[in-house]
Every structure is written in C-alpha cells, then in structure tokens.
Amino acid sequence: DTDGGPVRRVEYVDAETGQHIAGWSEIQHADGNGKSLYSGTVPLKTTLSAGQYKLKDATRGNGFVVDVKGQQDPAGGYLAGTLFSDADNSWGTGTTANRQSAAVDAAYGGAETWDYFKETFGRSGIRGDGVGAKSRVHYDVGLDNAFWDDACFCMTYGDGGTFFKPVVSLDVAG
C-alpha cells in the first residue's frame, strides 16, 4: 500500500466484460490494547493469524516485537526470538510479572515513532522506505540499557537490573 504495508487482495472480475465483481483484503488487521509499564493502557495494532493475535503492526510497515528471553543474540540470528502472540488481543498487565507488559511498551513506542516520522516529515518509517522497525525485549539478564542496532534494523530493550526497571519507556523507544 502507499505506506509500505503488505497487500494481499482477492479480486473477482468478469472474464467477458472486465467488470469488477468483488474484492477484499486477505490480511486482517486488529485493534487490540495493552497495559504498559509506563504509559498506562494503550492502543495496539496487531495481526490475526491462525486464531492468534500477533504483536505485528501491518499498518506501520510490519514492525513486530519478539521476546529474546534473556539471551543476547539467540541462535538463528538477531531476530530469532519468539514473536509475541495472544488469544484475546488484550496484552500485558502493566507489571513486570507479565512478559507482555514490556512488549506493549515496545510496540506502542514503535507505533508512536512511526506516526511521528509520518506526521512531522511525511516519511513512512524511520528510513522513509515503508519498513517498520523491529523490537527485541527481555534482552540479556540485568541489562540496564537499551540500544538501536542497524544490523537488524531493530531496537533492543534490557529488563533493567541494578539501576533501572525494564528500559522500554516511550522516550527510549523514540
């Protein structure tokens, strides 16, 4: 689409006249919500696949959030963590006891960053190429930091430890 999101349409056309009969998108976007650690309850765009909602925003360049489960760089590469999924599209509890809460902040931060670049500069995504940034949460153990990595075009968030709680607040994402 014009924002760089995926398009998978089914179209029916009369073979004799060429007239359009019907059409629809096969990609289903969903509106969910999440309880974040720092921003309260926030809206989330998710993708429904095989009866599960995925923390993947097809409306903003397919940015997604994975759980790297305390690893630094999981086997299989930078983004080999587990894509967050949920049965009811209501994410997190707003506490660190629920692993989804940090993912909610990362997804919300990614969406807000996309919207900032779109509204302020007319760009689709950070690079202006319609590709959404990826996010890795629960990186390493006790990491009091977060960082951008061009090699994976991803933002990486530690869970904090000595000095901080999970480092996924909106100002860090931006």
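Length available on full extension from Ala22 to Ser90: 0.36 nm per residue minus the Cα-Cα distance, which gives 21.2 nm. In this structure, Leu83 and Tyr116 have a Cβ-Cβ separation that, at R0 = 35 Å, corresponds to a calculated FRET efficiency of about 0.90. For the peptides 115-127, 11-23, residues were scored by their other Cβ atoms within 10 Å and the scores averaged per peptide; the highest-first order is 115-127, 11-23.
For the chain, carbon and sulfur atoms together expose 49% of the accessible surface, with a 1.4 angstrom probe and every protein chain in place.
The antiparallel fraction among DSSP beta bridges confined to the chain stands at about 75%.
Axis angle, to the nearest 10 degrees, between helix 99-121 and the longest C-alpha principal axis of the chain: 60 degrees.
The amide H of Leu44, built 1.01 Å from its N in the peptide plane, has Gly32, Asn33, Gly34 as neighbours under 5 Å, considering only residues 5 or more places off or on other chains.
Excluding ligands, DNA and RNA, the accessible surface per residue across the chain is 53 Å² with a 1.4 Å probe.
Taking 0.36 nm per residue of separation and subtracting the Cα-Cα distance, full extension of the segment from Leu48 to Ala97 would add 15.1 nm.
The values are calculated or read from the model by the stated rules, or taken from the named source; none is laboratory data. From a predicted model like this one, the values you see are computed outputs, not experimental measurements. All Cβ positions, glycine included, derive from the backbone under ideal geometry; neighbour counts span all protein chains shown. Accessible surface is based on the protein model in full, side chains and every heavy atom, while ligands, DNA and RNA are left aside. Shrake-Rupley method; radii C 1.70, N 1.55, O 1.52, S 1.80 Å.
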